[in-house]
Amino acid sequence: MCRLTILATAILSLTGTAIAHHSFAMFDQTKQTTLTGTVTAFEWTNPHAYIEIDVPDEKGTVKHWSVELGSPSILMQSGWKFKDLKHGDKVTVRISPLKDGKSGGLLVQATLPDGRVLGNGPGRGPAQPASTNAGAPNQ
Amino acid sequence: MTRYHGMLFAVLGLVLLSFIIVLPPAQSQSIASHADFNGAWGPYRGGRGADTKLTPPPASPPALKPQYAKQYEARRAAEAEANSRGEPLPNASSSCIPYGVPSMMSVAVYPIEIIQTTKQITIIAEAFSEVRRIYIGKPQMRIDDVPPGYYGRSVGRWEGDTLVIDTVGIKESVQYQRMPHSDRMHIIERMRLVAPDILQDQITIEDPVMLEKPYTYTLAYRRMPDYEMVEFVCDNNREYVDDKGVVRLRVREK
């Protein structure tokens, strides 16, 4: 069980009173994929922020991916700023992919052009090397 | 009266006058007479570093009448099964529809902000920017006279340092944790500071039509003195419901 699921379960099981924004069941949290590519858009929006990224394969064929993040409020609690990415930036993201096979996923952690590594959860700060999954809030 | 007494009265008079002048009337009465709930509050649910004497007790499941309990359990089971398949079922929030009362009081990790005056307490939830208004000292209306909505009509009164809030008029589609309710639902909240910076809200849902007995659960919040509420406008919702009734994420081609 990954830390994302553990966190979501923990929040719900503490009192059973927290309301989840949406289920993360559409993402396969048993898998992680690393993508390196060029940002086409960084949307600092609600209910979720998104990184749109063009990812070339070994032959140079480009595939586009949509990566879901937490909301701006939650991202700020883990060190993100709205100008951290812009069109044209090179970025590496680790994601849990969509189960339906489409080219989308839930962010686990991102390595920004300046070298910072950011997670996807409240108060979790940058993901540490020992961590395999930065986790995300139950939202 | 001696000259000493005269000076003493003059000084006391000046001190009293300064209190009247310095504080605006609404706030002075609110803070002087009652607990001060003003400010931003984040969820306080326990976990590392939390004081277990101040965290809320675990909630029990609601005691629905048998015919409604069966329906409720079936829906929850279907939801769990759909999640395990990776095909979540839609709910109001997958369409960016607000949560309403009482769900808006405990959305994930989002804070609430309380603005307290003598006549009205306003609660703003950061998630979806939901707003509820609690009219202090006003009588509640008959349920049948309140148009059903997301927030209903809330009135409040102070019992010592506890704010007692009475809400009616929540429409049946606005549900807490998918729990069904009738148009007779009545919500009573008892909000109080259990420590200088910890606020608890004990929420009791009464529904003589669907519940065997009132359902009570408690929320706790920690004061966030320097927090600035973040705007939340749901203008980039990429979730959609496909023709099989499954929530999907819309991805872009480029």
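Okay, here's what the table says:
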quantity: Residue mean of other protein chain beta carbons inside 10 Å, A:43-49; calculated: 6
quantity: B:E206-A:M76 FRET efficiency (beta carbon distance; Förster radius 35 Å; 0.05 resolution); calculated: 0.35
quantity: Neighbour-limited loop hits for chymotrypsin sites (Phe, Trp or Tyr not before Pro), the range A:26-102 (at most 15 other Cβ within 10 Å; DSSP other than H, G, I, E, B); calculated: A:F82
quantity: Residue mean of other protein chain beta carbons inside 10 Å, B:79-91; calculated: 3
quantity: Separation of the B:T122 and B:S182 label points, Cα + 7 Å toward Cβ, nm; calculated: 3.6
quantity: Cβ neighbours within 10 Å from other chains - mean over B:233-239; calculated: 6
quantity: Gained length - B:R252 relative to B:K65, 0.36 nm times residue gap less alpha-carbon distance; calculated: 62.7 nm
quantity: Sorted peptide list for B:228-239, B:204-215, criterion being average Cβ within 10 angstrom, highest first; calculated: B:204-215, B:228-239
quantity: Assigned charges on the beta-carbon of Lys, Arg, Asp, Glu; the range B:66-209 dipole about Cα centre (debye); calculated: 240
quantity: Shape category assigned to the range B:100-172 from the gyration tensor of Cα positions, a/c cut at 1.5; calculated: oblate
quantity: Three-way shape call for the range B:96-254 based on the alpha-carbon gyration tensor, with the a/c threshold at 1.5; calculated: oblate
quantity: A:K102 paired with B:T216, simple spin-label distance in nm, labels 7 Å along Cα-to-beta-carbon; calculated: 4.6
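Bear in mind that the values in this text are calculations on the coordinates, not laboratory data. Not measured: the values here are computed from a predicted model. For neighbour counting, all protein chains shown are included, and Cβ atoms are generated from backbone atoms with ideal geometry for every residue, glycine included.
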